[in-house]
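Novice: Pasting a structure here, questions to come.
Values quoted throughout were computed directly from the atomic coordinates according to the rules given, and no laboratory measurement underlies them. Given the structure is predicted, the values throughout are model-derived calculations rather than measurements. As a convention, Cβ positions derive from the backbone with ideal geometry for all residues, glycine included, and neighbour counts pool all protein chains shown.
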Amino acid sequence: MPWDLLPTTAKSPALRRLCVAVAALGLILNPSLAPASAQKDSQSPVEEIVANLAAGRVIIAVVKDAIVVATVENSVEPETRPPTPVALGSERVGIILGPVYWFSPSSQQELASLDTELPHLRSGRAGLGAQAPHLQANQTGHEASDIEATGQGLLDRLNVIAKSLRGKVDTPSNEPLAELILADYLPDYGPEVWQLTYEMKQVEQERDFWETHFLRPNYSQLWPPEKGQPRTLVEFDYPLENSPATLLELLRRKDSRLEKIRASSPKLAEVADLLLQGESNKVMSSDAVPFLRAAMSATAKPESRQTLAVIGQETGIQWIVPPPPEVRKSIQQAAQQPGQTERPADAPSLLHPPSR
């Protein structure tokens, strides 16, 4: 999904969130230029920046012998990318939701490919300073320096990109612009699932010239659940607006598509029952995988791209449904054929028209 950074109007709330701001070309390539000079020079060329979103659902099942991670694309706009699990070592995956691939069609320059960069986005500054989020050992049973280093590393990369965003960006209130989902096994601790959310802040420096930066991420640990809470599916959607019912909710509603799966096999019915009962820790991965594959295929939109990986306690990360090859191919094509990303006349934008 392209976030096209030239001003237009968008009436649909579902679409207004999908575009971000633009800077004059000189400000991207020469940051020493003063904001006022860019405002005064009406002839300055405008650099178009496009950000493709990873949009869809992430479903994580922590079962008896593994963590099963499934993703389903929600193709809300052309050029949407499926959420893609990325290996961060042998027993951890990370999934970015939101803008992942940033590029300039006019200069054919790739600005960032966050999903492919993620394994290398680590910072030694995590947890430093009074304002930095520091995860205490008693939150996780271990020092969470790896989680913080990855979270801070992605923040640093986002803020490099944010330097190029000089227009006003409208974002839905109380919703993050980007998310990072982490799932892993830790020695002597077990499985864990984290959600890191990134919000963006803008401060107007000059008329219609905004300074943009991302705030430190908020950390939420979704697994293990609190004592007495059900052990079942953990699901994430991006964007939240108009997101479909979760797989767990469909099971509770006895959705006809899932009821057919339950009726097809006693073993699949048993998996569904254990998930509903909050006892996913009694499900084997060999049973959870076919259930999730069938459930995703039955409930996803036609042609939605999917992935499915298993993080085993002994085997590490194994792909059951690997990321589609066209995801990587599209990165190269976007840079080589900028015409594919030309702005449609009715493309949505979050950018306010300039004040007069």
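Novice: Spelling out what I want: for every residue of the range 312-322, take phi, set θ = phi - 60°, compute 6.51 cos²θ - 1.76 cosθ + 1.60 (Karplus), and round to whole Hz; glycine and proline get x.
Specialist: x, 4, 10, 9, x, 7, 10, 8, 9, 10, x
Novice: Still on this structure: Relative to the present Cα-Cα distance, how much length would full extension add between Lys260 and Glu314 at 0.36 nm per residue of separation?
Specialist: Separation in residues times 0.36 nm, less the Cα-Cα distance, equals 16.1 nm.
Novice: OK, next. Quick one: which residues, 5+ away or cross-chain, put their amide H under 5 Å from the amide H of Ile49? H built at 1.01 Å from N.
Specialist: For Ile49, whose amide H was placed from the backbone, the distant partners under 5 Å are Leu5.
Novice: Using modelled backbone amide H atoms (1.01 Å from N, in-plane), which distant-in-sequence or interchain residues come within less than 5 Å of Leu111's amide H?
Specialist: Trp102, Phe103, Ser104
Novice: Provide the gained length on full extension for the span Ser220 to Arg252, in nm with one decimal, where the gain is 0.36 nm per separating residue minus the Cα-Cα distance.
Specialist: 9.0 nm
Novice: Using the structure shown, list the pairs from Lys64/Lys301; Lys64/Lys260; Lys201/Lys301; Lys227/Lys260; Lys201/Lys227 with a Cα-Cα distance above 27 Å, or answer none.
Specialist: Pairs exceeding the cut-off: Lys64/Lys301; Lys201/Lys301; Lys227/Lys260; Lys201/Lys227.
Novice: With r as the distance between the Cβ atoms of Leu186 and Ala298 and R0 = 51 Å, compute the FRET efficiency 1/(1 + (r/R0)^6) and round to 0.05.
Specialist: 0.95
Novice: While we're looking at this one, here's another question. In what order do Arg92, Arg257, Arg166 fall by count of nearby beta-carbon atoms within 10 Å, going from fewest to most?
Specialist: Listed from fewest to most nearby Cβ atoms, that is Arg257, Arg92, Arg166.
Novice: Using the alpha-carbon centroid of each, what span in Å lies between the range 50-80 and the range 200-215?
Specialist: With the range 50-80 and the range 200-215 each reduced to a Cα centre, they are spaced 30 Å.
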